[in-house]
Amino acid sequence: MDDTIVGKVYVVGDNIDTDQIIPAEYLSLVPTIPQEYQQLGTYALRGLPADQYPQRLMEPESVRSDYTVIIAGRNFGCGSSREHAPIALGAAGIRIVIAESFARIFFRNCVATGELYPIESQYRLCDDFRTGDRVEVNLTASQLRTDGSVAMFPLKPLGEVEEVVAAGGLFAYARRKGWVQQPAVVS
Amino acid sequence: MKMTLTEKILARASEVSHVIPGDSAMVSVDILMTHDVCGPGTIGVFKREFGEDARVWDPEKLVIIPDHYIFTSDSRSNRNVDILREFVADQGVRYFYDVIDDGGVWRFDPNKSLALPQYGEQYAGVCHIALPEKGHTRPGEVLVGTDSHTCTAGAFGEFATGIGNTDAAFVMGTGRILLRIPETMYFRLVGELSGGVMAKDIILHIIGDIGFDGATYKAMQFGGEGVAAMSMEDRMTVANMGVEAGAKNAVFEADARTHAFVDAAAQANGTVRPYETIEPDVGARYVYESTVDLSSLEPTVAMHPDPSQRTTAHACRDVKLDRAYIGSCTGGKTGDFEAFARVVRGKRVVIDTFGVPATPQVVRELKATENGGRSAWDVLVEAGVNMTVSAGCAACLGGPSDTFGRLNEPLSCISTTNRNFPGRMGHPDARIHLASPYTVAASALAGHIADPRDYLE
Ligand code: SF4
């Protein structure tokens, strides 16, 4: 497993619900259809109010975000059970969301799809970081630090589910465990 | 080892003598529900992982209910229903509540009148209301669905929770799901609601107390002598919004009323299947306990922008409104519309007011109930409510831009639905306030938030 993630952060506040992550009007996109998967990425975080978030996660027309890490406050991903939400972020190029806390279904969907690492921070970080800051996340050591700085911010270890994300999601993990016999389709 | 209701249900479903919170359990699923928004993606994962020719674990236990983006000319939404139809035909799924009766291709015609149903006999409307109506909810069982409000079915004494496409695809192939046993919070309901106060006020009150993440990862269990007087619809309203406090599931202890409802629905729909009710152990451990005196509750409002922004209708009565909305799995049931009609009977709403029954059965019941010669439907229409027979989710979650009742502008709206985060009903700058059907009706008459007790005789 590649246990270090380096990149720019995009910072959001509390209660970012699934409608803000991927607005309902785009839910007719089916994530397992490859073009539609990619399209979901272009709409990631499209529902954030423009006045509070003038810098957008996705530039218009781009399929890949400049950001790799999201830092959030409480209850990130609350609302619907739509798997479109972690998938939109993953398709946009986000690899990890670090939040003070997560809503349950979103957390579970991150793990099941293997799209993102949902990591809780020990302390609230969204007030200390600014969109565009460069960070380095070390998953093994459960630490976050600003690029070039020595100050470490402790993260909560993901525990047993880290293995599921690292394997590439529920099915890859289930095959390893022998719960699913069918071999993976290689695409 | 004493267990809570949720622990006991999950222990039985995973064939172990007991479970404790924090344990992981491989749980057998009794019903898997999916709909038009998440069904196609679930089917996609199922085929990718189990193979193109894979079979569903049990075609009798999969229930597919198109309900979200139905009455729209958005072609991709219409295509998604086609994907469901094809899968059902292929797999021999028995319980598919298709929009049309004769197979073929479903396309919505926006030029037809709102009064003409564009659906056939099988169509069932909003999944969480259709599940019990069609007899798919039973005490003691495990029901999972690709929708966060699947927790509604906990009203019937079962474990019910929302899951994503990947988990659902795993269930489709194996009939099982790996679950972490949640801790349980216990809410003892005592007393009876006073006039002008409804079940919606109970849950808005509780969410205000514990916060939008107050029950995250946990089970909410409702009991106490106050439950007896609550109708099944009331219990559904409360369980429905458990997820707005972050809960994994919300569950009521089953009683005689539960059994009567469940048995009648199963009889009427040919879905009879034996079930075994489970009761919580006396002396079970709860991580949180509180008593809610129903008689002390007032008409309650959750202000924009999240369901925990609690206040009373009286305290915010000056908030100006542009729109009122009644509908959804929370507030679009027969009893919700009847309550609304009680307030607006013989009066006129002064702001745009939209009414979307949750299911075709609700439409039929509203048109049938005679009260002084007028059906509830007539009362609503005469009061100026824009009623549609196109039962479904409609503007509860915004949807495609031609969705009935959608907030296409930054309006201030009061609604009987369950979520009011920015953008939920369409426009990202619209303001949504959540309240009971009584409060929404009174507010529609006033043009600002109003206390329904001032409008009820
Ligand atoms: S009515 Fe609203 S909350 Fe209920 S299932 Fe439909 S979209 Fe979801």
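Candidates are the residues of segment B:70-100 that are more than 16 Å from the ligand (Cβ to nearest atom), polar (S, T, N, Q) and closer than 16 Å to B:GLY39 by Cβ; the one that is nearest to the chain's Cα centre (by Cα) is B:ASN78. Residues that are buried (at least 24 other Cβ atoms within 10 Å of the Cβ) and within 20 Å of B:GLY335 (Cα to Cα) are absent from segment B:421-433. When A:ASP19, A:ASP14 are screened for being open to solvent by 10 Å² or more (accessible area, probe 1.4 Å) and within 11 Å of chain B (Cβ to nearest Cβ), only A:ASP14 passes.
Okay, residues lined up against (1) under 16 Å from the mean Cα position of the chain (by Cα); (2) part of a helix (DSSP H, G or I); (3) within 10 Å of another protein chain (Cβ to nearest Cβ); (4) away from the ligand (no atom under 16 Å from the Cβ):
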| position | (1), (2), (3), (4) |
| --- | --- |
| A:LYS8 | yes, no, no, yes |
| A:LEU29 | no, no, yes, yes |
| A:ALA44 | yes, no, no, yes |
| A:PRO49 | no, no, yes, yes |
| A:GLN52 | no, no, yes, yes |
| A:ARG56 | yes, no, no, yes |
| A:SER62 | no, no, no, yes |
| A:ILE70 | yes, no, no, yes |
| A:ILE87 | yes, yes, yes, yes |
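Scanning segment B:352-361 for residues that are more than 16 Å from the ligand (Cβ to nearest atom) and either in contact with a Gly (Cβ under 8 Å, 6 or more places away or on another chain) or open to solvent by less than 10 Å² (accessible area, probe 1.4 Å) (or both) yields one hit, B:THR353. Of all the listed residues (B:GLY103, B:GLY125), the sole one being farther than 21 Å from B:GLY398 by Cα and either at pLDDT below 95 or within 16 Å of the ligand (Cβ to nearest atom) (or both) is B:GLY103. With respect to the stated conditions, B:GLU253 is open to solvent by 10 Å² or more (accessible area, probe 1.4 Å), in the same structural domain as B:PRO139 (by TED's automatic domain parsing) and within 19 Å of B:GLU183 (Cα to Cα).
Confirm whether B:ALA315 is free of Cβ contacts under 8 Å to residues at least 60 places away in the same chain, among the small types (Gly, Ala, Ser) and away from the ligand (no atom under 16 Å from the Cβ). Here the answer is yes, as B:ALA315 does meet what is asked.
Taken as a whole, the structure leaves B:LEU143 outside the set of residues that are more than 16 Å from the ligand (Cβ to nearest atom) and of a type outside the set (S, T, N, Q). As a summary of the residue check, B:LEU380 satisfies the conditions (1) more than 14 Å from the ligand (Cβ to nearest atom); (2) more than 9 Å from chain A (Cβ to nearest Cβ); (3) open to solvent by 10 Å² or more (accessible area, probe 1.4 Å) except for the one numbered (3).
Residues that are without any contact (Cβ under 8 Å) to a residue 12 or more places away in the chain, more than 14 Å from every other protein chain (Cβ to nearest Cβ) and away from the ligand (no atom under 16 Å from the Cβ) occur in segment B:445-457; there is at least one. Of all the residues in segment A:92-106, those that are within 14 Å of chain B (Cβ to nearest Cβ) and buried (at least 24 other Cβ atoms within 10 Å of the Cβ) number 6.
Can you tell me which residues in segment B:400-432 are within 30 Å of B:ILE100 (Cα to Cα) and more than 17 Å from the chain's Cα centre (by Cα)? Scanning segment B:400-432 gives B:PRO400, B:SER401, B:ASP402, B:THR403, B:PHE404, B:GLY405, B:ARG406, B:LEU407, B:ASN408, B:GLY426. Does A:ARG74 meet the test of being open to solvent by 40 Å² or more (accessible area, probe 1.4 Å), closer than 26 Å to B:HIS35 by Cα, at pLDDT 95 or above and within 14 Å of chain B (Cβ to nearest Cβ)? Judged against the criteria, A:ARG74 is not a match. Scanning segment B:399-417 for residues that are within 9 Å of the ligand (Cβ to nearest atom) and either touching a Leu at 6+ places or on another chain (Cβ under 7 Å) or without any contact (Cβ under 8 Å) to a residue 60 or more places away in the chain (or both) turns up just one, B:THR417. Of the numbered criteria (1) within 16 Å of the ligand (Cβ to nearest atom); (2) within 19 Å of B:ARG431 (Cα to Cα); (3) small (Gly, Ala, Ser), the one B:GLY332 fails is (2).
Every residue, every condition in (1) of a type in the set (D, E, K, R); (2) more than 25 Å from B:ARG285 (Cβ to Cβ), yes or no:
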| residue | (1), (2) |
| --- | --- |
| B:MET1 | no, no |
| B:ILE20 | no, no |
| B:SER24 | no, no |
| B:ILE31 | no, yes |
| B:VAL37 | no, yes |
| B:ASP58 | yes, yes |
| B:ASP67 | yes, yes |
| B:VAL81 | no, yes |
| B:LEU84 | no, yes |
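When segment B:132-173 is filtered for residues that are open to solvent by less than 10 Å² (accessible area, probe 1.4 Å), assigned to a helix (DSSP H, G or I) and among the acidic types (Asp, Glu), only B:ASP167 remains.
The rows are residues; the columns are (1) away from chain A (no Cβ under 12 Å); (2) more than 15 Å from B:SER14 (Cα to Cα); (3) without any contact (Cβ under 8 Å) to a residue 60 or more places away in the chain.
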{"site": "B:THR146", "(1), (2), (3)": "no, yes, no"}
{"site": "B:PHE156", "(1), (2), (3)": "yes, yes, no"}
{"site": "B:PHE159", "(1), (2), (3)": "yes, no, no"}
{"site": "B:ARG180", "(1), (2), (3)": "no, no, no"}
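Of the residues making up segment B:304-322, those that are in contact with a Ser or Thr (Cβ under 6 Å, 6 or more places away or on another chain) and of a type in the set (A, V, I, L, M) are B:ALA313, B:LEU321.
Residue-wise test of (1) open to solvent by less than 10 Å² (accessible area, probe 1.4 Å); (2) modelled with pLDDT of 95 or more; (3) in contact with a Pro (Cβ under 7 Å, 6 or more places away or on another chain).
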residue	(1), (2), (3)
B:VAL301	yes, yes, no
B:PRO305	no, no, yes
B:TYR325	yes, yes, no
B:VAL350	no, yes, no
B:GLY373	no, no, no
B:ALA395	yes, yes, no
B:SER401	no, no, no
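Among the residues making up segment B:186-213, those that are in a loop (DSSP other than H, G, I, E, B) and touching a residue at least 60 places away in the same chain (Cβ under 8 Å) are B:GLY191, B:GLU192, B:LEU193, B:SER194, B:GLY195, B:GLY196, B:VAL197, B:MET198, B:GLY211, B:PHE212.
The values are calculated or read from the model by the stated rules, or taken from the named source; none is laboratory data. All values derive from a computational prediction rather than experimental measurement. Quick reminder, even Gly has a Cβ in these numbers, built from the backbone with ideal geometry, and neighbours come from all protein chains shown. These accessible areas exclude ligands, DNA and RNA; they are computed on the full protein's heavy atoms, side chains included. Shrake-Rupley method; radii C 1.70, N 1.55, O 1.52, S 1.80 Å.
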